[in-house]
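No lab work stands behind these numbers, since they all come straight from the coordinates. In this text the structure is predicted, and so the values were computed from the model without any measurement. Cβ sites come from the backbone with ideal geometry, for glycine too, and all protein chains shown count toward neighbours.
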């Protein structure tokens, strides 16, 4: 699949972030007990291409599956794919924000692409729930062991190195996943369906 990408300016990204914050507050005022905000941590000026879309769809499926498995009702959902990146908002019926945040951190910590997932949980009062409140460490840089926000703030690494690391993570994940899927297709159980726990 040919990648289609578009370079965006820093101000466009800031504007998109501000619009998303307003939508979060609007959703909190109308529905549910808290809001889950899902975006991707994509370094550099290109925030959208076919690989990024695929990674976003993968994360979206994991969030929805996690909520369903834990019997958490989604009251409202918004999804956008723009040049500034992919984003989704979920308003959920659960007043235990720490429980919701814990579920989302599990995805971030355990999925092979979880380091690229930015899953925020915002309480009814509009306050984001921190990972630290659940005993999880702050997120680390993709290239070194320092805190991610420190490296981002000081621009310690060239964005092209970060971009390369991000792209290789996505490519490796989907390549390995396709290999597993092909192997699963080679075995059809007697009932007539693929016996594969992916």
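Just a few scattered comments:
- Selected from 144, 86, 34 as most flexible by GNM, with the chain as the system and alpha-carbon contacts under 10 Å: 144
- Ranked by how many other beta carbons lie within 10 Å on average, peptides 42-48, 10-16 from highest: 42-48, 10-16
- Prolate/oblate/rounded label for region 1-52 (Cα gyration tensor, a/c 1.5): prolate
- Value of relative contact order over the chain, rounded to a whole percent, pairs C-alpha under 8 Å and six or more apart: 22
- The ranking of 27, 169, 147 by Cβ neighbour count inside 10 Å, starting from the fewest, reads 147, 169, 27.
- Applying 1/(1 + (r/R0)^6) with r as the Cβ-Cβ distance of residue 99 and residue 57 and R0 = 30 angstrom yields a FRET efficiency of 0.75.
- Based on the Stokes-Einstein relation at 25 °C and a viscosity of 0.890 mPa s, and on the Kirkwood radius from alpha carbon pairs, region 46-152 is assigned a translational diffusion coefficient of 164 µm²/s.
- Mean residue ellipticity (222 nm) of the chain, computed from DSSP H runs ≥ 4 via -39,500 (n - 2.57), nearest 500: -15000 deg cm²/dmol
- Sorted into 10 angstrom bins from 0, the C-alpha pair distances of the chain split as 8, 31, 36, 20, 5, 1 percent.
- Region 17-35 and region 150-179: distance between their alpha carbon centers, rounded to Å: 29
- Gyration tensor verdict on region 1-103 (Cα atoms; rounded if a/c is under 1.5, prolate if a/b is larger than b/c, oblate otherwise): oblate
- Modelled FRET efficiency - R0 25 Å, residue 178 with residue 64, Cβ distances, 0.05 increments: 0.70
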